[in-house]
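Down below is the structure, laid out as structure tokens.
Laboratory data are not the source of any read-out in this text; all were calculated from the coordinates shown. This structure is a prediction, so every number in the text was calculated from the model and none was measured. Cβ atoms come from the backbone with ideal geometry, glycine included; neighbour counts cover every protein chain shown.
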């Protein structure tokens, strides 16, 4: 696994406790997002290094999540049906920002749109949905901090799945190892990907999508 990890207790020391943040594993040029799939879809993706195959559909919305523990909450540590395999998808920050640039908040919020008509028009025209959801601790308890997830569809999803992904890693083995530590009460041994706050260099974009300053 190419992802660098640290103890969960160490991560708590530098993660923000409140606000809306993109917490992600990243390098200078790349950022990691996660998805969970049934085993056959994940196997095809890992072997071929793109999203596709007979069982994958580009005709529906697909959600990507930069935050590892939010992904674990969503997929039940790879134990929910059709989410038994967790993929780490590496993409360039430039491409991630282009996805963010197309994002529309999935429910109307007067902080980001002047009126419902403007919001609805953006929703109809753009191919990315953005949600800020409560982050979760390893046991699934809600946190004050909010995590981002992005729903992709249409041509933008196909471009992401076939062209923008630099590397796909199946990290299910790591996920299951950490879940076994949780199940045996060994939280002090739990490891998570090293994640830090990510902000684009475009302050107007950061503000438009709701990233806390």
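For the pair the stretch 156-213 and the stretch 1-54, the centres of their Cα atoms are 3 angstrom apart. According to the Cα-based calculation, Rg over Rh for the stretch 1-106 is 0.96, with Rh computed by the Kirkwood formula.
With the simple model of a label 7 Å out from the Cα in the direction of the Cβ, residue 101 to residue 10 spans 3.6 nm.
Got a sec? How would 174, 50 order by Cβ neighbour count within 10 Å, fewest to most? Can you show the working numbers first?
Working: 174 20, 50 16.
In order of increasing Cβ crowding within 10 Å: 50, 174.
If R0 equals 22 Å, the separation of the Cβ atoms of residue 186 and residue 80 corresponds to a calculated FRET efficiency of about 0.45. Panel values: the stretch 1-58, Kirkwood radius from alpha carbon pairs, Stokes-Einstein at 4 °C and 1.567 mPa s, translational diffusion coefficient 90 µm²/s.
Taking a ≥ b ≥ c as the square roots of the Cα gyration tensor eigenvalues, with a/c under 1.5 meaning rounded and otherwise prolate when a/b beats b/c, else oblate, which class fits the stretch 5-209? Oblate.
How would the stretch 31-88 be classified by its alpha-carbon gyration tensor: rounded, prolate or oblate, with rounded meaning a/c under 1.5 and the a/b versus b/c comparison settling the rest? Mind dumping the intermediate values first?
Working: a/c = 1.62, a/b = 1.41, b/c = 1.15.
Because a/c hits 1.5 or more and a/b exceeds b/c, the stretch 31-88 counts as prolate.
Along the Cα-to-Cβ line of residue 94, 7 Å from the Cα, sits a label point; which residues in the stretch 149-179 have backbone N less than 13 Å from it? 164, by backbone N distance to the label point.
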